[in-house]
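Chemist: To start, I am sharing the structure in question, which I have written as structure tokens.
The values are calculated or read from the model by the stated rules, or taken from the named source; none is laboratory data. Predicted model only: the values in this text are computed from it and were never measured. As a convention, Cβ positions derive from the backbone with ideal geometry for all residues, glycine included, and neighbour counts pool all protein chains shown. Side chains are part of the model used for accessible areas, which takes the heavy atoms of the whole protein and leaves out ligands, DNA and RNA. Shrake-Rupley method; radii C 1.70, N 1.55, O 1.52, S 1.80 Å.
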Amino acid sequence: MRGKVYWITIIILFIWALSSTAFATYYYTKTMELSSYARNLEENIRQVKVYMEKLTSNVMKAMEYASLSGNQEIAKVIEEIGNDTIKVNRVLGGEIKVKILLDYGNGSRVWYNETIISNGETLFKAMTKALKVTYKTYQYGVFIESINNVYNDPNRNMYWMWWRWDSEKKIWILGSISCDKYIPVNGEIFAWKYSNVMEWPPKPP
């Protein structure tokens with residue numbers, strides 16, 4: 001009797017061992033498959049972010065050109081595309097870094113490097129993180145009234161204007177749309193300069 005119980009126990013343990021091994025192998029295989037899928041998904045998201053960065057940059061340029069052209073219908077369509085671009089960037093998530101130069105127009109210049117904002121946020125958001133800003137919101141966007149307690153001065157025709165650095169042409173480009181419409185890409189460089197608007201074109205930073 002004892003011998004029979006012994007062999008039954010051995011058989012049960014053997015079956016359990018085989019089952020455990022099979023389950024362990026199955027779950028190990030599935031874990032490796034999921035791990036490989038996660039790596040591929042991460043790489044795909046990284047590539048999408050790269051493409052979206054290029055698309056965002058091109059959409060912003062198109063918005064500037066449309067604004068300068070004076071064609072309000074085209075500007076409106078591109079602005080809607082820009083809004084969709086913001087939504088996609090926010091879904092992708094992550095953070096970006098931008099650099100902001102503050103030029104007081106009197107020889108005093110201050111850099112605000114490594115300004116961090118969420119992907120899809122605007123230049124205006126970056127400003128409010130790095131600088132002390134007062135503003136008013138109008139139909140076509142935000143109008144900056146002061147930066148770091150330096151206010152626009154209509155009596156002297158002095159106003160704050162923003163610029164972006166064109167890394168391809170190596171020149172400063174005067175912003176032609178409201179700062180709350182412009183979506184920066186990672187590493188982009190901007191400047192706010194206190195300038196006499198009667199001197200046109202204004203001198204870059």
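Chemist: Could you tell me which numbered condition Ser195 fails, if it satisfies all but one of (1) open to solvent by less than 20 Å² (accessible area, probe 1.4 Å); (2) under 25 Å from Asn58 (Cα atoms); (3) touching a strand residue (DSSP E or B) at 6+ places or on another chain (Cβ under 8 Å); (4) not acidic (Asp, Glu)?
Modeler: Every condition holds for Ser195 apart from (2).
Chemist: What pairs come out if I take residues in region 147-170 that are closer than 16 Å to Tyr135 by Cβ and in a strand (DSSP E or B) and pair them with residues that are open to solvent by less than 70 Å² (accessible area, probe 1.4 Å) and small (Gly, Ala, Ser) whose C-beta lies under 8 Å away, six or more apart or interchain?
Modeler: Matching pairs, first to second residue: Tyr159/Ser195; Trp160/Ser146; Trp160/Ser195; Met161/Gly175; Met161/Ser195; Trp162/Gly175; Trp162/Ala191.
Chemist: Assess whether Lys87 counts as being at pLDDT 95 or above and surrounded by fewer than 16 Cβ atoms within 10 Å (Cβ to Cβ).
Modeler: On the way: at pLDDT 95 or above: no; surrounded by fewer than 16 Cβ atoms within 10 Å (Cβ to Cβ): yes.
Here the answer is no, as Lys87 does not meet what is asked.
Chemist: State all residues of region 90-106 that are exposed (fewer than 12 other Cβ atoms within 10 Å of the Cβ) and either more than 21 Å from Leu55 (Cα to Cα) or over 13 Å from the mean Cα position of the chain (by Cα) (or both); if no residue qualifies, say none.
Modeler: As a first pass, look at region 90-106 and keep what is exposed (fewer than 12 other Cβ atoms within 10 Å of the Cβ): 91, 93, 95, 106.
Asn106 - this is the single residue of region 90-106 that is exposed (fewer than 12 other Cβ atoms within 10 Å of the Cβ) and either more than 21 Å from Leu55 (Cα to Cα) or over 13 Å from the mean Cα position of the chain (by Cα) (or both).
Chemist: Still on this model: Check whether at least one residue in region 72-92 is in contact with a Phe, Trp or Tyr (Cβ under 7 Å, 6 or more places away or on another chain), within 30 Å of Met198 (Cβ to Cβ) and β-branched (Val, Ile, Thr), and report yes or no. Show your work before the answer.
Modeler: Initial filter on region 72-92 (in contact with a Phe, Trp or Tyr (Cβ under 7 Å, 6 or more places away or on another chain)): none.
No, that holds for no residue.
Chemist: Go through region 100-140 residue by residue and tally those that are more than 12 Å from Ala191 (Cα to Cα) and assigned to a strand (DSSP E or B).
Modeler: 11
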